[in-house]
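Student: Quick one: the structure is below, and I'll ask about it shortly.
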């Protein structure tokens, strides 16, 4: 559990500063780390004190073996002086110090140039800072990057109690990389550290398909003590992501349906087929071409569980069955044969339904014995007789029906 008695108040300008350059962009992650350690000594008078020796001790730096880091600390204090605080020689901060040369053992006193506005600061607990410093001792990870990353996430907490999940932060690695300058690979490593050291709860609500690629949703972060709020916010984001995914999927389906309809319209335009025309105005080739487009559109709409509103098909009926094909001049026999074939289909259903029915009967042990082979043979005989009838161009539809069905 985090000790909530001691914390620092960090300016939000380190990460957000309107259109101006942020403090992080201006000074860097090392400067932020040093500034955070300095603020640990802040008093209610808005003052704090430091010495180089003390800073090195807190950061677990051996000043005798790391002169480069000692120099970096001194330069940071010089950079931040007069901007975020004023370095003085006395505890009342009346006498400004000459910081061109900073002694390691000298205690300096600082007063903040301005105090963060109420609820306009980032709260980071001393115990959290200690844990990150202790973990990084002797390791290759960047302590300044770790503290900066953690501070940025904390910046997303407690923004507005009116918002759901105000104790959580929801942000993508790409966005954090953009705002902090820390590489994504290092952000991923830091996340593992946050979890291992019980600094943060981190979860992911799932992913979505973007441009035919699977993309993870942004991570959700919360402090360990906010486990209940973390769980609630995870559910909210998962539900939101699912709705978003369903909405995108539905939009893709709508787009595809629109494209199939546009193919029909474009074909009609290219072939000069008007709305007032009917199937008999088409050539056999046109009928076949348009039939493929219309049946594809029809099947797709039905597969979505949608209903067609006032469909204007030339080659298929409202239920998707094929209309009588084009009857070119001098081919009455062929047209009549097709009418007879349609009558057969109405009597015995179509071949697809017959095959499905046959499969059901074959696999159903409780089904009654049915002579479906006999029925199929009968259909074959009828088909053969139709072919013979097609040869007689002058035969009438009624004569064909009489010949086939005996009436």
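Student: Only one of these is farther than 26 Å from residue 12 by Cα, more than 23 Å from the chain's Cα centre (by Cα) and at pLDDT below 90: 196, 288. Name it.
Tutor: 288
Student: Ok, one more. Scan region 56-69 for residues that are buried (at least 18 other Cβ atoms within 10 Å of the Cβ) and farther than 20 Å from residue 139 by Cβ and report the count.
Tutor: The qualifying residues number 0.
Student: Against the conditions (1) more than 23 Å from residue 179 (Cβ to Cβ); (2) surrounded by 14 or more Cβ atoms within 10 Å (Cβ to Cβ); (3) under 34 Å from the mean Cα position of the chain (by Cα), where does residue 140 fall short? Just the number, please.
Tutor: (2)
Residue by residue, here is whether (1) closer than 25 Å to residue 149 by Cβ; (2) touching a residue at least 60 places away in the same chain (Cβ under 8 Å) holds:
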{"site": "61", "(1), (2)": "yes, no"}
{"site": "64", "(1), (2)": "no, no"}
{"site": "70", "(1), (2)": "yes, no"}
{"site": "83", "(1), (2)": "yes, no"}
{"site": "103", "(1), (2)": "no, no"}
{"site": "110", "(1), (2)": "no, yes"}
{"site": "122", "(1), (2)": "yes, yes"}
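Student: Still on this structure, please answer the following. Name the one entry in 173, 200, 167, 188 that is in contact (Cβ under 8 Å) with a residue 12 or more places away in the chain, loosely packed, with under 15 Cβ neighbours inside 10 Å and under 28 Å from residue 239 (Cβ atoms).
Tutor: 188 is the lone residue from the list that is in contact (Cβ under 8 Å) with a residue 12 or more places away in the chain, loosely packed, with under 15 Cβ neighbours inside 10 Å and under 28 Å from residue 239 (Cβ atoms).
Student: To continue, here is another question. Any residue that is over 47 Å from the mean Cα position of the chain (by Cα), surrounded by 14 or more Cβ atoms within 10 Å (Cβ to Cβ) and part of a loop (DSSP other than H, G, I, E, B) - is there at least one of those in region 108-116?
Tutor: No, region 108-116 has no match at all.
Student: Moving to a separate point now. State whether one or more residues within region 95-104 are on the phi < 0 side of the Ramachandran plot and in a strand (DSSP E or B). Outline the logic, then answer.
Tutor: Applying the first criterion (on the phi < 0 side of the Ramachandran plot) to region 95-104 yields 95-104.
Then keep just the ones that are in a strand (DSSP E or B); that gives 96.
Within region 95-104 (the criterion being on the phi < 0 side of the Ramachandran plot and in a strand (DSSP E or B)), the answer is yes, since at least one residue qualifies.
Student: Out of all the residues in region 42-77, which are more than 18 Å from residue 130 (Cα to Cα), part of a strand (DSSP E or B) and in contact with a helix residue (DSSP H, G or I) (Cβ under 7 Å, 6 or more places away or on another chain)?
Tutor: 48
Student: Within region 265-272, is there a residue that is modelled with pLDDT of 75 or more, assigned to a loop (DSSP other than H, G, I, E, B) and farther than 30 Å from residue 250 by Cα? Don't jump to the end; show me each part of the working.
Tutor: Taking region 265-272 and keeping what is modelled with pLDDT of 75 or more, we get 265-272.
Those still in the list that are assigned to a loop (DSSP other than H, G, I, E, B) too: 271-272.
Right, trim to farther than 30 Å from residue 250 by Cα and you get 271-272.
Looking through region 265-272, at least one residue is modelled with pLDDT of 75 or more, assigned to a loop (DSSP other than H, G, I, E, B) and farther than 30 Å from residue 250 by Cα.
Student: Also, I was wondering about something else. Which one of these is within 28 Å of residue 28 (Cβ to Cβ) and either part of a loop (DSSP other than H, G, I, E, B) or modelled with pLDDT under 90 (or both): 157, 152?
Tutor: Exactly one of 157, 152 is within 28 Å of residue 28 (Cβ to Cβ) and either part of a loop (DSSP other than H, G, I, E, B) or modelled with pLDDT under 90 (or both), namely 157.
Student: Answer with yes or no whether residue 141 is closer than 19 Å to residue 198 by Cα, in contact (Cβ under 8 Å) with a residue 40 or more places away in the chain and in a loop (DSSP other than H, G, I, E, B). Outline the logic, then answer.
Tutor: Working: closer than 19 Å to residue 198 by Cα: yes; in contact (Cβ under 8 Å) with a residue 40 or more places away in the chain: yes; in a loop (DSSP other than H, G, I, E, B): yes.
So residue 141 passes the test.
Student: Next up: Determine if region 8-15 includes at least one residue that is surrounded by fewer than 19 Cβ atoms within 10 Å (Cβ to Cβ), in contact (Cβ under 8 Å) with a residue 60 or more places away in the chain and over 12 Å from residue 111 (Cα atoms).
Tutor: Yes.
Student: Next question. So residue 205 ticks every box in (1) more than 30 Å from residue 297 (Cβ to Cβ); (2) surrounded by 15 or more Cβ atoms within 10 Å (Cβ to Cβ); (3) in contact with a helix residue (DSSP H, G or I) (Cβ under 9 Å, 6 or more places away or on another chain); (4) at pLDDT 85 or above but one. Which box is left unticked?
Tutor: Among (1) more than 30 Å from residue 297 (Cβ to Cβ); (2) surrounded by 15 or more Cβ atoms within 10 Å (Cβ to Cβ); (3) in contact with a helix residue (DSSP H, G or I) (Cβ under 9 Å, 6 or more places away or on another chain); (4) at pLDDT 85 or above, the lone unmet condition for residue 205 is (4).
Student: Looking at region 11-41 only, could you name the residues that are over 16 Å from residue 130 (Cβ atoms) and not in a helix (DSSP H, G or I)? Walk me through how you get there before you give the answer.
Tutor: To start, the set of residues in region 11-41 that are over 16 Å from residue 130 (Cβ atoms) comprises 11-32, 35.
11, 15, 16, 17, 18, 19, 20, 21, 22, 28, listed by residue number.
Student: If you don't mind, there's one more thing I want to ask. Would you confirm whether any residue within region 78-94 is part of a helix (DSSP H, G or I), at pLDDT 90 or above and crowded, with 18+ Cβ neighbours inside 10 Å? Break it down into steps so the answer makes sense when it comes.
Tutor: First, the residues of region 78-94 that are part of a helix (DSSP H, G or I): 78-80.
Next, from what is left, pick out any that are at pLDDT 90 or above: 78-80.
The next check asks that each one be crowded, with 18+ Cβ neighbours inside 10 Å; those that pass are 80.
Taking every residue of region 78-94 in turn, at least one turns out to be part of a helix (DSSP H, G or I), at pLDDT 90 or above and crowded, with 18+ Cβ neighbours inside 10 Å.
The values are calculated or read from the model by the stated rules, or taken from the named source; none is laboratory data. Owing to the predicted nature of the structure, the values given are computational and were not obtained by experimental measurement. With ideal geometry, Cβ positions are generated from the backbone for all residues, glycine too; neighbour counts draw on all protein chains shown.
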